[in-house]
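All remarks here apply to the structure that follows.
The values are calculated or read from the model by the stated rules, or taken from the named source; none is laboratory data. Because the structure is a prediction, the values reported are computed rather than measured. In this analysis, Cβ positions are derived from the backbone assuming ideal geometry, glycine residues included, and neighbour counts consider all displayed protein chains. Surface areas here come from the heavy atoms of the whole protein model, side chains and all, with no ligands, DNA or RNA. Shrake-Rupley method; radii C 1.70, N 1.55, O 1.52, S 1.80 Å.
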Amino acid sequence: MLTRRSLLAASLTAGAMLPAGFGARADELPAGPIKFIVSFPAGASTDVIMRAIAQKMQARVGNPVIVENKPGASGLIATDFVTKARPDGATLLASPSSLASNPTLFKSMPFDTLRDLQPVSLVFRTPLVLLVDPNLSIKSLGELIALLKEKPGQLNYAHGGPGSAINLAGEQLQSMTGTKMNGVAYRGTPLGLNDLIGGRMQLMFADVGAAIGQIESGQVRPIAVTSIERVPVLPNVPTMVEAGLPGFEAQGWTLICAPSATPSATINKLAVELQAAVEQPDVQNLIIRIGMLPTKSPPPEKLKSFLVSEIDRWASSSNVRALRNHSKHLQSR
């Protein structure tokens with residue numbers, strides 16, 4: 001998950017600019033199609049944004065640019081596929097922030113994140129929204145915390161599996177408030193939302209974009225967003241800090257990575273083309289409309305440090321360590 005501190009540090013160090021001399025030649029890109037491997041199902045917020053980016057990038061570079069979905073296993077399936085791909089820039093990973101928590105969460109993985117991947121571009125941030133069943137009388141974070149303390153372990157919260165941003169946000173809420181909830185893992189936010197609407201779940205964190213339709217229709221009630229600033233598509237929903245929980249921040253991010261042996265000239269060219277595609281006004285508007293937050297990416301060499309810092313941050317997180325030690329007790333659907 002992207003924190004304001006880590007992004008600010010990387011941006012200041014990089015001057016929030018791609019380095020000079022990035023005028024790369026067309027032959028620094030692969031001759032054939034470029035493929036983004038997305039670890040979410042088709043139609044998910046990340047998938048929709050990456051398809052828009054792919055379309056803009058294709059118009060710029062002339063190569064076909066496509067999106068292929070490989071969801072599941074907290075992103076491990078997609079990541080493993082990319083680490084084993086030919087390192088020519090033709091196969092890229094569009095990874096969520098579980099890329100940083102997975103090394104701590106899983107005792108063994110079929111790849112080494114830092115050894116086998118090279119970050120290319122940070123394309124957007126993913127704020128979450130805390131939702132409750134509207135049939136509950138809960139209308140504020142304070143009321144929710146009071147209910148959790150009154151009924152420890154009795155309220156169910158939906159999440160996207162161990163290590164997912166929405167799971168970690170739920171763990172963080174429990175840790176910071178001294179409460180206990182019953183976590184239930186789902187294969188995708190829509191399935192969790194369906195059970196929240198149906199009353200089988202009482203609350204969940206969700207990507208803003210995945211839940212905006214249900215929020216607008218009144219099927220779920222938003223309590224707070226997890227970003228430092230309010231989210232443009234939910235201007236009347238307070239942040240967790242504004243709602244009364246100082247220090248709470250939980251944001252995801254999407255980072256484009258290539259196999260580590262990809263030539264630096266290709267990495268740099270891809271970074272330029274990705275940034276140009278992301279900065280197109282209609283892509284920026286889509287990111288905002290879906291409920292994400294646009295960001296200015298540091299250059300690739302700074303992103304490696306960013307990823308290291310994120311992995312270290314999660315390695316020191318008691319929430320992730322607890323999930324690793326007790327994940328066998330999580331229910332799964």
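Here are the numbers for the structure shown:
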quantity: Rounded to the nearest 20 debye, dipole of the range 169-280 from Cβ charges on Lys, Arg, Asp, Glu; calculated: 300 debye
quantity: Ellipsoid equivalent to the range 34-143 - semi-axes via the Cα gyration tensor, in Å; calculated: 30, 20, 11
quantity: Accessible surface ranking that places the most exposed of Lys84, Lys304 first, with a 1.4 angstrom probe; calculated: Lys84, Lys304
quantity: Whole-percent carbon and sulfur share, accessible surface of the chain, 1.4 Å; calculated: 52 percent
quantity: Interatomic Cα distance distribution for the chain, bins of 20 angstrom, percent; calculated: 33, 57, 10, 0
quantity: Longest segment of the chain lacking GluC sites (Glu not before Pro) that sit in a DSSP loop with at most 16 other Cβ atoms within 10 Å; calculated: 1-228
quantity: Expected 222 nm ellipticity per residue - DSSP helices of 4 or more, -39500 (n - 2.57), all of the chain, to 500; calculated: -12500 deg cm²/dmol
quantity: Neighbour-limited loop hits for trypsin sites (Lys or Arg not before Pro), the range 100-147 (at most 14 other Cβ within 10 Å; DSSP other than H, G, I, E, B); calculated: Lys107, Lys139
quantity: Sites Ala315 and Leu136, calculated FRET efficiency, Cβ-Cβ separation with R0 51 Å, nearest 0.05; calculated: 0.90
quantity: Per residue accessible area in Å² of the chain, where ligands, DNA and RNA are left out and the probe is 1.4 Å; calculated: 41 Å²
